[in-house]
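One structure is given here, and the rest of the page talks about it.
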Amino acid sequence: MEARKKLFLIYFMLAGSTFAQSFHNPSLNGAEETSTNLGEVESRENAPDLEFQYHDHDQMTRYLRAVSAKYPELTALYSIGKSVQGRDLWVMVVSVSPYEHMIGKPDVKYVANIHGNEAVGRELLLHLIQYLVTSYATDPYVKWLLDNTRIHLMPSMNPDGFAISREGQCDTIHGRHNARRHDLNRNFPDFFKANTKQPQPETEAVKQWISKIQFVLSGSLHGGALVASYPFDNTPSSSPLQAVFQNYEHTPSISPDDDVFKHLSLVYSKNHAKMSRGVSCKSGSPRFENGITNGAAWYPLTGGMQDYNYLWHGCMEVTLEISCCKYPPAHELPKYWQDNKQSLIKYLAEVHRGAHGFVMDENNNPVERAAIKIKGRDVNYHTTNFGEFWRILLPGTYRMDISAEGYLPQEVEFIVIDSHPTLLNVTLRSAKRIDGGPYYRPLPPPPRAPPVPTPSTGIFASLTNSFNNMVSNFFG
């Protein structure tokens, strides 16, 4: 415990100046202020070979192991579990601290290929790994990012589906599902409606993964459209009739952090070569203003991964549809890499926006699982076992409630600015009564409204399910 206290004291002295220097340095801040174009410093001479081609599971595994062996100081390879057919669900960490969490610095992630036939993201993450490790010594922006962030990259969440997919198939659903014919992006618990789908090994592995690592920011890479789609993906429906017509009304389902999600989506779309133009992929498909959309406004779905990340674990995830063709010919991969490279990097850097800090007790011990809630935003975040918290917020003035069992609650007012994150260190005081009475216990949050039951039979249910299935087949 004494060693942990020393680590916190050292961090308190250094954190403010480190982040301020990073965000005030023009060469390290923002697309408009970056003095070096990310494409101008790419050097891959010493990296393991990575061609612009599709890699099957064995080839991908060999490449990831080769990178990990070549760059042990920057990478760590681990598997979060196995697919139905026994393929590893690989994750590569890229960071100056690949093997252990850096106290006071956030963890972020990308997950690709959740639909097996949406293959571009799988290859882009392999190229992102190579770009990060080969640019660390030459690109100040990449160096700053890896020095201050742990980046977890999962190239394929559905390797079984990818194994049966076919290059050049743009619109088919062959390979979309896992080996048990389940759509993995409809397989997570859902806040709005009970999800009765049988849990799959791949989704169970992801749920365990994000319960053990407190990710702050995430992106899920898909194909079949060109848009950044943000929560909520699902919406409550008060009646079967409304459920049908809601699909045609394009009703948004607004989250408490709608402003932040729109900003994160715009960061990706505006740094992308084409996305922000709102180009329609084909005749009859929707156009998206600025290349972003609320998920439910596009089409509602139950059991999506991004809503689960946000509501269950406080991780802000955006779904990134990065290719009109789900599995384009391999010779087009260099174009997709150039279109998305800047976006992939700039998006992750947004984790350093807003407020972050520690919640400690009077003896400088971390308070684990303290509830963090911004007034006016009805969603709870929690501290890590080191007492850390992160809250991505846009510039403005905020009030934050901090509470934990056995401590007096506290309210803090703070300001967020654009140039660097606000560092907040909060001390909670014991609520134990002098006369030996019970500890103060914060009031439990009000129970969530039960999900509105969705009828399983009848004409309205059939119409709704048919429409959603049709849309799912065409889009990611």
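The values are calculated or read from the model by the stated rules, or taken from the named source; none is laboratory data. Note that this is a predicted model, so its numbers are computed, not measured. FYI the Cβ positions are ideal-geometry reconstructions off the backbone, even for glycines, and counts take in every protein chain you see. For accessibility, only protein heavy atoms count, side chains too; no ligands or nucleic acids. Shrake-Rupley method; radii C 1.70, N 1.55, O 1.52, S 1.80 Å.
Taking into account only those residues within the range 272-285 that are closer than 23 Å to TYR110 by Cα and assigned to a helix (DSSP H, G or I), which is most open to solvent (accessible area, probe 1.4 Å)? By that ranking, first place goes to SER276.
For the range 382-424, name all the residues that are under 21 Å from ILE103 (Cα atoms) and either modelled with pLDDT under 95 or part of a loop (DSSP other than H, G, I, E, B) (or both). The answer is THR383, THR384, ASN385, PHE386, GLY387, ILE392, LEU393, ALA404, HIS420, PRO421. For the range 169-185, taking the residues that are among the aliphatic types (A, V, I, L, M) and either in contact with a Leu (Cβ under 8 Å, 6 or more places away or on another chain) or not in a helix (DSSP H, G or I) (or both), the one that is surrounded by the most Cβ atoms within 10 Å (Cβ to Cβ) is identified as ALA179. If the condition is being assigned to a helix (DSSP H, G or I), closer than 22 Å to ASP183 by Cα and open to solvent by less than 20 Å² (accessible area, probe 1.4 Å), then the range 310-351 contributes only TYR310. Checking the stated criteria, HIS272 turns out not to satisfy the condition of being out of contact with any helix residue (DSSP H, G or I) (no Cβ under 6 Å at 6 or more places or on another chain) and modelled with pLDDT of 95 or more.
All told, TYR131 meets the bar of being part of a helix (DSSP H, G or I), touching an Asp or Glu at 6+ places or on another chain (Cβ under 7 Å), modelled with pLDDT of 95 or more and open to solvent by less than 40 Å² (accessible area, probe 1.4 Å).
Applying the selection to the range 65-109, what residues are at positive phi and surrounded by fewer than 21 Cβ atoms within 10 Å (Cβ to Cβ)? Selection gives GLY81, GLY86.
When every residue of the range 286-293 is checked against the conditions, at least one turns out to be touching a His at 6+ places or on another chain (Cβ under 8 Å), at pLDDT 95 or above and crowded, with 18+ Cβ neighbours inside 10 Å. In the set (1) closer than 21 Å to GLY304 by Cβ; (2) touching a Leu at 6+ places or on another chain (Cβ under 8 Å); (3) of a type outside the set (Phe, Trp, Tyr), the condition left unmet by PRO140 is number (1). Every residue in the range 186-204 that is open to solvent by 10 Å² or more (accessible area, probe 1.4 Å), under 28 Å from ILE372 (Cα atoms) and assigned to a helix (DSSP H, G or I), please. The one that is open to solvent by 10 Å² or more (accessible area, probe 1.4 Å), under 28 Å from ILE372 (Cα atoms) and assigned to a helix (DSSP H, G or I): GLU204. Entry remark, the range 380-430: residues being of a type in the set (Gly, Ala, Ser) and surrounded by 18 or more Cβ atoms within 10 Å (Cβ to Cβ) number 3 in total. The set of residues in the range 137-168 being assigned to a loop (DSSP other than H, G, I, E, B) and under 25 Å from TYR347 (Cα atoms) consists of ALA137, THR138, ASP139, THR149, PRO155, SER156, MET157, ASN158.
The rows are residues; the columns are (1) of a type in the set (Lys, Arg); (2) in contact with a strand residue (DSSP E or B) (Cβ under 9 Å, 6 or more places away or on another chain); (3) farther than 21 Å from GLY219 by Cβ; (4) in contact (Cβ under 8 Å) with a residue 40 or more places away in the chain.
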{"site": "GLY104", "(1), (2), (3), (4)": "no, yes, yes, yes"}
{"site": "ASN113", "(1), (2), (3), (4)": "no, yes, no, yes"}
{"site": "VAL120", "(1), (2), (3), (4)": "no, yes, no, yes"}
{"site": "LEU124", "(1), (2), (3), (4)": "no, yes, no, yes"}
{"site": "ILE129", "(1), (2), (3), (4)": "no, yes, no, yes"}
{"site": "VAL133", "(1), (2), (3), (4)": "no, yes, no, yes"}
{"site": "THR149", "(1), (2), (3), (4)": "no, yes, no, yes"}
{"site": "ILE164", "(1), (2), (3), (4)": "no, no, yes, yes"}
{"site": "GLN169", "(1), (2), (3), (4)": "no, no, yes, yes"}
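Please find, among ASP307, ASP259, ASP233, the residue that is open to solvent by less than 20 Å² (accessible area, probe 1.4 Å) and modelled with pLDDT of 95 or more. The match here is ASP307. ASN365 fulfils the conditions (1) under 20 Å from the mean Cα position of the chain (by Cα); (2) over 30 Å from GLN53 (Cα atoms) except for a single criterion, (1). Restricting attention to the range 392-408, the residues that are of a type in the set (Val, Ile, Thr) and within 23 Å of the chain's Cα centre (by Cα) total 1.
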